[in-house]
Amino acid sequence: MSERRYASFFTVLAIIGALFVLSWLTLEADFPAFQYSAEYSRRLVPADQFGDIATLVSRYLWEHRALDLTGQAFVIVAAVVCCLALLKQTEARG
């Protein structure tokens, strides 16, 4: 019984040590997030041809936030219903 107690203690100690090391690395190491993004400036769909459509659509969605949230809620409910339909038990025909 005492071996299990020590095993769980050492597991917690190892997790805390790993979190400490990883947090120390994130604070000490310099991570240039967007330093190399200029090399990958290609876009699949060029936005210049469409003018201000992207900004107008995003402004419309931000001004009418209920539409966006209603759409998200519908997608989540539809996904739940589909998952439940997949898990539904079928009756044996005989």
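The values are calculated or read from the model by the stated rules, or taken from the named source; none is laboratory data. Fair warning: this is a prediction, and the values are worked out from it, not measured in the lab. Don't worry about glycine lacking a Cβ; one is built from the backbone with ideal geometry, like all the others, and counts go over all protein chains shown.
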Item to check | Criterion violated by THR26 - all others in (1) hydroxyl-bearing (Ser, Thr, Tyr); (2) modelled with pLDDT of 85 or more; (3) surrounded by fewer than 10 Cβ atoms within 10 Å (Cβ to Cβ) satisfied | outcome: (2)
Checklist outcome for this item: When the stretch 57-94 is checked residue by residue, the ones that are among the β-branched types (Val, Ile, Thr) and within 21 Å of the chain's Cα centre (by Cα) are THR70, VAL75, ILE76, VAL77, VAL80
Checklist entry - Is there a residue being modelled with pLDDT of 85 or more, within 22 Å of the chain's Cα centre (by Cα) and of a type outside the set (D, E, K, R) anywhere in the stretch 12-23? => result yes
Checklist entry - Listed residues LEU44, LEU67; which is out of contact with any helix residue (DSSP H, G or I) (no Cβ under 9 Å at 6 or more places or on another chain) and modelled with pLDDT under 90? => result LEU44
